[in-house]
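Quick notes on the structure that follows.
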Amino acid sequence: MASSRIPLYRVKGTHYECAHTIGELTRESIRHRIADDLPYLTPLFAFVQTEYGQKLHRDFLETTRSLYPWYWDELRGLADGSAIPFEQLLVLNFLNETRTAYRLLEEKKQLENETGEKGCTTVLINRKDTNTLSLLHNEDHSTALYMTGYLVEADIQSSKYEDGKRESPKEKFIAYCYAGGIPGNAFGVNKHGFACTLNGLYPNFVAHGRLPRQIINRALLSVKNEEELDKLIHASPAAYGFCINGGFIHQCNYLLNYEIGPNLNIDNENYISKCRIINNEDNLEKKDDDDEYSTAFNYLIHYNHYERLDKVINQQKALQSSHSRWKRGQELGEIFNSKDAICLLGDYENEAFPIFRSSNQSDVKSRTLCTIHINFLTKELILYQHNPKENNEPSLTYNLADLFV
């Protein structure tokens, strides 16, 4: 069973119906989130009422309705079910893009500092010597989300669009959600066995008229295989940056990490860096000359700054937290198994920029909302609501095989 702090909701129906139900169930949580984060959100709510802010969101919505009309339905359903103003929900769903556009317009340095402090840490392990194939992740964000996050198990039926010319994917997944946001940009596993966690990356610009990361991240919950994943990433022009960490449970040869950001030099193109985490170099066979990627051996740790695309994407300067966590990870050394990963994810040696953030630390604006371990070999999603280094009793152990039937 899920903990009382992180409930598990089960919904079934169309995209609109499922989102509407979630909106009804989480109405008070969304209100609490907004109230707790009001000093931070108020200028963003005001910004999207300006001519520039309205155009920013209008362009995002037009692109979303064109490419993924079923996720536009989810935004509508969430707003209708929660009775929260649609403009405010869009800020919550398009948060990274909105605050960066606002900061660049207003030149507010304090928002720049907040951005890097709210990012996540992910460990991908693929080792034969310790028989470990796992994805472990700290979900970090605003303290206002600590009591309002939830898990959703969704069974979404396919719907027809554009007079039957298009059809939305039939989806089934479990995902962690922020109050007021559609699923996708934290972590999740779908019925095809694709498991992923997401890390924010922070270009110092926003690409207008493209897809906010929330929409692309939401679409990840429908992918069936690696080829479809690559196609989705290439065909979905990103307005902002993010990192995908994941793999396919039914295909246990390697794990995947993608760094993604908008390429402003070419219309609707993304910068994409793909990395496979392998346990044996013999497993690596490139399909053709166009299949370009890098490799990591045995494990990879990713934070909130570009490591492979840093030469082509201009990043925000205020990423001290990400770089400090990276440095601490280097000090802790090689990751051999999930216990080592939990020791890293539970570390708070650096008081200013700890890897695991709690209410006892000086940074009261950001917390580790939960830690998860997706075990590809046992097909389990294990969720910890406390620091797993100090309290290894999970609050939820979810049998992923239930999704695959």
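Values in this text are rule-based calculations from the coordinates and carry no lab data. Only a predicted model underlies this, so the values are computations on that prediction, with no experimental measurement involved. Backbone-built Cβ (ideal geometry, glycine too); neighbour counts: all protein chains shown.
Below is a table of values for the structure above.
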item: GluC sites (Glu not before Pro) within segment 66-110: DSSP coil, no more than 10 neighbouring Cβ in 10 Å; result: E107
item: Normalised alpha carbon radius of gyration of segment 121-221 [divisor 2.2 N^0.38 Å]; result: 1.28
item: DSSP-assigned coil residues among trypsin sites (Lys or Arg not before Pro) in segment 218-275, each with at most 16 further Cβ atoms within 10 Å; result: K224
item: From the coordinates shown, mean projected area of the Cα convex hull in nm² corresponds to which of (i) 18.7; (ii) 23.2; (iii) 26.2; result: (i)
item: Loop-resident sites, segment 146-216, for trypsin sites (Lys or Arg not before Pro), counting at most 12 other Cβ within 10 Å (DSSP); result: K165, K170
item: Relative exposure of F45, F187, judged by other C-beta atoms within 10 Å (fewest first); result: F45, F187
item: Spherically averaged projected area of segment 335-405 from its Cα convex hull (nm²); result: 5.6
item: Theoretical FRET efficiency, 1/(1+(r/R0)^6), r = Cβ-Cβ of K327 and N253, R0 22 Å, to 0.05; result: 0.10
item: Per-peptide average of other Cβ atoms within 10 Å, ordering 370-380, 27-37 highest first; result: 370-380, 27-37
item: Dipole magnitude (debye, nearest 20) for segment 124-275, charges at Cβ of Lys, Arg, Asp, Glu; result: 160
item: Too-long pairs where the Cα-Cα distance tops 24 Å, listed order kept, from K224/K339; K12/K160; K311/K365; K327/K389; result: K224/K339; K311/K365
item: Residue order, fewest to most surrounding Cβ atoms within 10 angstrom, among L41, L61, L221; result: L61, L41, L221
item: Net dipole in debye of the chain [+1 Lys, Arg Cβ; -1 Asp, Glu Cβ; about Cα centre; nearest 20]; result: 580
